[in-house]
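> Quick one: structure below, then a few questions.
The values are calculated or read from the model by the stated rules, or taken from the named source; none is laboratory data. What you see is a predicted model, and the numbers here were worked out from it, not measured in a lab. Here Cβ is always computed from backbone atoms with ideal geometry, including for glycine, and neighbour counts include all displayed protein chains.
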Amino acid sequence: MKFFLTNLYLKKIQRKVFFITKHGFSNKERLYRIWRNMRRRCNSPKSDYYYNYGGRGIKVCDEWDDYLNFRKWALRNGYSEELSIDRINVDGNYEPSNCRWATREEQANNARSNVNLTYKGVTKTATEWARTLGITKSTMFHRLDRSWTIEEIMTIPMGGRRTKESPKAKVYLYNGKFKTLKQLSKIKGIHPDTIRHRIKIGMKIEEAATKPLSKNQFA
């Protein structure tokens with residue numbers, strides 16, 4: 001029994017040592033977790049979010065491959081516990097000139113503003129199209145959130161309404177019932193885009209909708 005307990009204790013210590021980095025920092029430091037997860041999203045196809053980062057060609061700059069360099073930049077550029085790293089250009093890389101520290105709300109607004117829309121061969125961000133069309137940004141985002149078609153967004157004037165509903169969302173057979181991605185996302189709280197990606201890479205519906213995300217994936 002004593003030998004068994006000693007082994008358990010040693011394994012516990014080994015697990016703690018495993019998470020200590022060569023720089024002396026560990027997963028207990030939030031800033032280190034942010035750095036680790038940023039690199040995982042860009043470098044590891046096993047990440048649930050790789051398709052939206054590394055899969056789109058987004059990289060972490062060479063300078064930030066060293067955690068101490070990233071940490072030094074973060075502390076000199078407004079990092080605090082309630083903020084998260086945000087790319088100013090959502091199609092750009094993780095690098096000093098394209099990153100800032102922002103609230104969740106600021107991140108969401110930045111991502112929405114930088115959505116690219118293509119109409120009749122012309123591509124602009126949602127914000128740029130709103131200015132071109134003479135509608136407010138809130139009207140543009142309202143239309144995007146409610147799945148308006150590109151034709152409806154571009155041709156219906158401010159205050160106008162659609163004459164018909166958009167096509168029904170795609171449904172999937174789950175436990176004998178047909179459900180949309182939005183309905184599937186409520187089963188385990190997994191984002192619809194993550195479920196869609198999992199299905200695309202070959203996961204069965206049941207696994208895609210219920211497999212837990214990696215621990216501290218977006219800490």
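> Is it the case, given these coordinates, that Gly78 is modelled with pLDDT of 90 or more, closer than 30 Å to Ile153 by Cα and exposed (fewer than 15 other Cβ atoms within 10 Å of the Cβ)? First the steps, then the outcome.
Working: modelled with pLDDT of 90 or more: yes; closer than 30 Å to Ile153 by Cα: no; exposed (fewer than 15 other Cβ atoms within 10 Å of the Cβ): yes.
Here the answer is no, as Gly78 does not meet what is asked.
> Something else about it: Being within 19 Å of the chain's Cα centre (by Cα), within 19 Å of Tyr32 (Cβ to Cβ) and among the polar types (S, T, N, Q) is the filter here, so list the residues in region 55-97 that pass it.
Ser84
> Further, regarding this structure: With a cut-off of at least 1 residues that are under 23 Å from His197 (Cα atoms) and not polar (S, T, N, Q), name the strands (runs of 3 or more DSSP E) lying wholly within region 55-121. Spell out the reasoning first.
Working: elements: 84-87, 99-102, 116-119.
In region 55-121, the matching strands (runs of 3 or more DSSP E) lie at 84-87, 116-119.
> Looking at Asn37, Asn43, Asn7, Asn52, which is the one that is at pLDDT below 90, polar (S, T, N, Q) and within 25 Å of the chain's Cα centre (by Cα)? If you could, list the steps in order and put the result at the bottom.
On the way: Asn37 fails: at pLDDT below 90; Asn43 fails: at pLDDT below 90; Asn7 fails: within 25 Å of the chain's Cα centre (by Cα).
Selected residue: Asn52, the only one of Asn37, Asn43, Asn7, Asn52 that is at pLDDT below 90, polar (S, T, N, Q) and within 25 Å of the chain's Cα centre (by Cα).
> How many residues are of a type outside the set (S, T, N, Q), surrounded by fewer than 12 Cβ atoms within 10 Å (Cβ to Cβ) and under 24 Å from Asn89 (Cα atoms) if we restrict to region 124-159?
Residues in region 124-159 being of a type outside the set (S, T, N, Q), surrounded by fewer than 12 Cβ atoms within 10 Å (Cβ to Cβ) and under 24 Å from Asn89 (Cα atoms): 2 in total.
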